[in-house]
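Engineer: Here you go, one structure.
Derivation of every value follows stated rules applied to the coordinates shown; laboratory data play no part. Given the structure is predicted, the values throughout are model-derived calculations rather than measurements. Glycine also receives a Cβ, built like all others from the backbone with ideal geometry; neighbour counts cover every protein chain displayed.
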Amino acid sequence: RLYNFGERKFVVFNLMPAGSNIFSRTKNNGSDEDFLNEADSYLNHQLKYALDGMSRDKPGFSFVYVNIFHMVMSMLDDPTAY
């Protein structure tokens, strides 16, 4: 809809890893819920695919894709780097 109102530039944040949030980790004795992270990863892949398609199909459409999923997983995998 926004495109139809003349908007052409977007910033899109993908899903955070739901299986790695504090609630999931507390419930799971400090471990991630991998099935949730796998589902989020799949949905993020589909989102990026859809955005790439819109870039090809919609004149002037452009976006910045912010990969929050990767940022959070990177921090959790190697917290000393941050």
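Engineer: Could you work out how far apart the two model spin labels at residue 48 and residue 81 are, taking each label as a point 7 Å from the Cα in the direction of the beta carbon, and quote it in nm?
Structural biologist: 1.6 nm
Engineer: Right, here's the next one. Taking the 0 to 90 degree range and rounding to the nearest ten, how far is the long axis of helix 34-57 tilted relative to the main principal axis of the chain, both from C-alpha atoms?
Structural biologist: So the inclination is approximately 10 degrees.
Engineer: Checking a compactness column here: for the chain, what do you get for Rg(Cα) / (2.2 N^0.38 Å), N being the number of residues?
Structural biologist: In units of the globular-protein estimate, the chain measures up at 1.36.
Engineer: Give me the distance in nm between label points sitting 7 Å out from Cα along the Cα-to-Cβ direction at residue 2 and residue 29, one decimal.
Structural biologist: 4.3 nm
Engineer: Please give me the summed charge of the neighbours of residue 63: other residues whose Cβ is under 14 Å from its Cβ, Lys and Arg +1, Asp and Glu -1.
Structural biologist: In short, +2.
Engineer: For the chain, with only Lys/Arg (+1) and Asp/Glu (-1) charged at the beta-carbon, what is the dipole magnitude about the Cα centre, in debye rounded to 20?
Structural biologist: 520 debye
Engineer: In addition: Around residue 13, which amide H atoms from residues at least 5 apart in sequence, or from another chain, sit under 5 Å from its own amide H, with H modelled in the peptide plane?
Structural biologist: The answer is 66.
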